[in-house]
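In what follows, a single structure is set out as structure tokens and then discussed.
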Amino acid sequence: MRKSRIERSVLFRFVYHPICRPMVPLIAKTPITANQLSLVNIFFTLYGFFLFAQGRTIFGSVILQLSLILDSTDGNLARFKKETSSYGIYLERVWHNSISPFLFVGLGIHFYRTTHSLLSLVLGISITGAILLINQMAYIHQATFPVNTNKSEKKHKMVASNSFIEMLVRGIACTEYVFAYVLILDILGYLYLVLPFYGVFYVLLFTAKFFSLLRKPKNC
């Protein structure tokens, strides 16, 4: 497997995967590799953000939906061709953790250009910065304090008790959901709600994650 079994959302399992599966056997007959698709997807996504900054938001939203199909395709192609690659996992994480958050910068530039509101630009940059900082802290924490695979029953119960909150956070923050919300709100004419909503959301999430990650793990 190319990925470290990242849990995929309902959207991926029931929307993007079914779309890309018929294409995978056809792509597999070409010299194209899963890693090449991942690299293309990174630049494809950045182009979508550029379109947002230019005010072409509907087109940008469509590009982002296509990027999600590409993201699903590269993983399915890797499994189909039995391509195992640490580099593929790296590209997957770069796309999700370091590239996708720049959507909010694109939105901030868009609203700054259309409304001349400096607050929108600052908010977009701040949301992206908060996401990148959370991801970096989580990576450092995981690298410094590896999770013990022999989890105790108490740990399982704690994870289960937090499952609803975790599902709620994933339903708001996962890349595929964010891209879908942006498309829907743009079509309905409520795109301006994205930055204030995610501004508040990431203030709360950043505060919770910050203190959680700074807390000393047990047995240290």
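Throughout, read-outs are computed from the coordinates displayed, never taken from laboratory work. Only a predicted model underlies this, so the values are computations on that prediction, with no experimental measurement involved. For neighbour counting, all protein chains shown are included, and Cβ atoms are generated from backbone atoms with ideal geometry for every residue, glycine included.
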Among 187, 213, 104, pick out the residue whose Cα is farthest towards the positive end of the charge dipole of the chain, where Lys and Arg carry +1 and Asp and Glu carry -1 on C-beta, about the Cα centre. 213
Relative contact order computed over the chain (Cα-Cα under 8 Å; 6+ residues apart), in percent: 23
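Might you report the magnitude of the Cβ-based charge dipole of the stretch 10-214 about its Cα centre, with Lys and Arg at +1 and Asp and Glu at -1, to the nearest 20 debye?
Numbers: 15 positive and 8 negative charges, 91 e Å.
Around 440 debye, computed over the stretch 10-214.
Quick check: net charge around residue 182, other residues with Cβ under 14 Å of its Cβ, Lys/Arg +1 and Asp/Glu -1?
Around residue 182, the surrounding residues sum to -1.
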For the chain, with the dipole built from +1 on Lys and Arg beta-carbon atoms and -1 on Asp and Glu ones, taken about the Cα centre, which of 197, 43, 16 lies farthest toward the positive end? 16
Mean residue ellipticity (222 nm) of the chain, computed from DSSP H runs ≥ 4 via -39,500 (n - 2.57), nearest 500: -23000 deg cm²/dmol
In 10 Å bins starting at zero, report the fraction of Cα pairs in the chain per bin as a rounded %. 7, 29, 34, 22, 7, 0
Vicinal HN-Hα couplings computed from phi for the stretch 101-117 (Karplus, 6.51 cos²θ - 1.76 cosθ + 1.60; Hz; Gly/Pro x): x, 6, 3, 5, 5, x, 5, x, 5, 4, 6, 5, 5, 8, 10, 6, 8
